[in-house]
Each structure stands twice: as structure tokens, then as C-alpha cells.
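Throughout, read-outs are computed from the coordinates displayed, never taken from laboratory work. As the structure is a computational prediction, the values presented were derived from the model and not from experiment. Methodologically, a virtual Cβ is constructed for each residue, glycine included, from the backbone with ideal geometry; neighbour enumeration extends over all protein chains shown.
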Amino acid sequence: MFEGERVFYSNNRSDPHGFEAEEGGPASLPSLKQARLFFEQYLHHGSGALRRKLLAEAEKSSKCLLELDLFDLIEYQHRVQPADLECVNTPLCGRDRHRAPPDFAHRLARCLRERPLVYLPVCEKACEEIAAKSAIVQGAPEGPQGLSGKRQRAFDVQINLVDSGKKPTPIRSLLSQQQEQFVVTTGIVISCKAPMSRMQKITIQCRFCNHKLTIHAAEWREQPQMPRFCRASELAGSAQGDSDLGCKNKPEPYFIVSNECTFLDVQLLKMQELPEDVPTGDMPRHLLLNASRFLVDEATAGDRLIVSGVLTTEVGPGVPNFATERYGRR
């Protein structure tokens, strides 16, 4: 009955300035591709100090911890010049269609405030590629005549998201509406666990048909969520027929291939709210902090901290936690 019907749709994520939408990212926010281009615009035009630090760290080390202040990003929006809208991506330069929108810094700040876990990896990847294109990281040509390709060196970037213009929120004032959003809070560290390694990129394999699958685990979750059934058998469906290798409808067929996984350092800390934030007669509340990668071993028990990070849940069975991005020692 639907033959001959015409289907109309509208793309709410299209951009009049020529930045095509790409998969990923919430529907109400810019796409991952747009956010990356906005960040490159800011890194090239609005934050020369951040770019200089990136290239300097790429010269002397294999890792870099960059501090990105949302307050500076908003301040830069008020002084954006027409020249700052020129696209920094070389193949697109000189084409008016690919000029950045005038409010690109404000839109980037909104992305990082509302969904930092989605957009921060995109910005970190952009920093790594900028450093990889520089002559510093690539190194001098090798070979007797110097004609061979340039040697590549691994370079890892972590962006430390802060907001110097935001007033810290007490622990008991953090609400469920702030889940997965950037927040700033204060407290006292009362316990620290030893740093541990946690799987970030996990390769799993079906024990029946040897089908391999790569999944990404959140760094604040202790146990990754594994597929209950083999994805290969689910995709094949009834077309598999006699070629079933025994994994069809078999629960828990996957096991982890440790040699093909990537790991990162994570440290778990317990933070208690400040005494002045506790109402009279009430018990102090706590948060679990997950300090990851280059932020481990930066705090000890007894430190009063201003912590910037992402509010998440389920670090363990029914335990709320706080995925930290930065420590501010007071």
C-alpha cells in the first residue's frame, strides 16, 4: 500500500557554513566532525600558547597534558575577527563555503560542557594529528642518502578540561540532571588506592567461530559490557543454515584476547565534602574519583581539592562516581 509514496526528511544537523554533519554526537549538538573543525579553528587562531605547548611537548616527550579552559574559550568568542573564520584545513582554504560560523567558539564550549566524554577524544585526536604532521615529531629523514620516509614516533595527548570562571558546586548539590556533564566541585581526599591498569580498547573473540570484535570500555567502569551472543551468528540469521559453527543462540560465547587490548592507568580516590558544606547534624557525603592516564599520583589523602570532571555512575555495583579531569590543589 506504500508503493509510490514519496518520503521527505529534513537534516536538522546540516550547517549553512559548509561543515557537513558526520555520524556521532548527540542530535542537539554539533557533529563530531564539526566539533573537531571548531577546535582546530580555536587552536590555530585563538590559543597560540596552547599550540606552542603542544609542539614543545611533542619535541621532548611522548605524552602531553594540555589544559583547556572553557572560560578562555568563551572570552575568545567575544573578540573573534573575520580572519579567524578562515578554514585552517588546507584543502578547504579559500572557499567561502567552508568558513567557520561566527559563534564556533561558543558552540564548541557548549559541546564540551554538555557532552565532554563524547567530544574530548575528538579534540585529543586532532592534537595528536597536528603534532604528527610537524617536523618535530616526524624527525629527520633516515637512510644513507636521506631519501627514505620519515620515522614516526608515538605521541599521546590528554586534554585537561577546566573552567576558571565557574563556581564550584558542593557535592550534595550535584543533581541527576548533570549526569555525563562537566561539573566542578570541592572536597577533601580521605583515601587513595594504588594506580591500576584498566582495559580501554578490548578485543574479544568467539570461542566457537573465532569471530573477533573490538569494543571500547569506559575508563570508570570496572567490568566491560560483553555481548551476550555472537554477533556473527546474529547478523547471518537464518541464512547461516548448515554452516552454523555452534555459536548460534549460545550465551556468553566471547572471551577477551589480552594480547590485542590497550590499557590505561587509573587511580581511584574517595573524596568527602568540605566541613563548611555539611549542614548541622547531617553526615558528610562522598564521591569516588577516577583519575586516569597522566593524572594518577597527583593527590594524596588529606588534600583539599577543587576538582573538574564528568559526573558518571556505576563505577561498581550501585556506586556513584566522578570521572575526574583535573585536580586543583588548595
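Modelled this way, with points 7 Å down the Cα-to-C-beta line, the labels at LEU65 and LYS133 are 2.8 nm from one another. Under a 5 Å amide H cut-off, with hydrogens placed 1.01 Å from N, LYS250 pairs with CYS230 among residues at least 5 apart or on other chains. How much net charge surrounds SER47 when only the other residues with a Cβ under 10 Å from the Cβ of SER47 are counted, with Lys and Arg +1 and Asp and Glu -1? Overall, the nearby charge balance is +1. In order along the stretch 119-132, the phi-based Karplus estimate (6.51 cos²θ - 1.76 cosθ + 1.60, θ = phi - 60°) of 3J(HN,Hα) comes to 9, 5, x, 5, 5, 5, 5, 5, 5, 5, 6, 5, 5, 5 Hz; Gly and Pro are listed as x. In summary, the lysines within cross-link reach of LYS63, defined as a Cα separation below 22 angstrom excluding same-chain residues under 8 places away, comprise LYS53, LYS125, LYS133, LYS150, LYS201.
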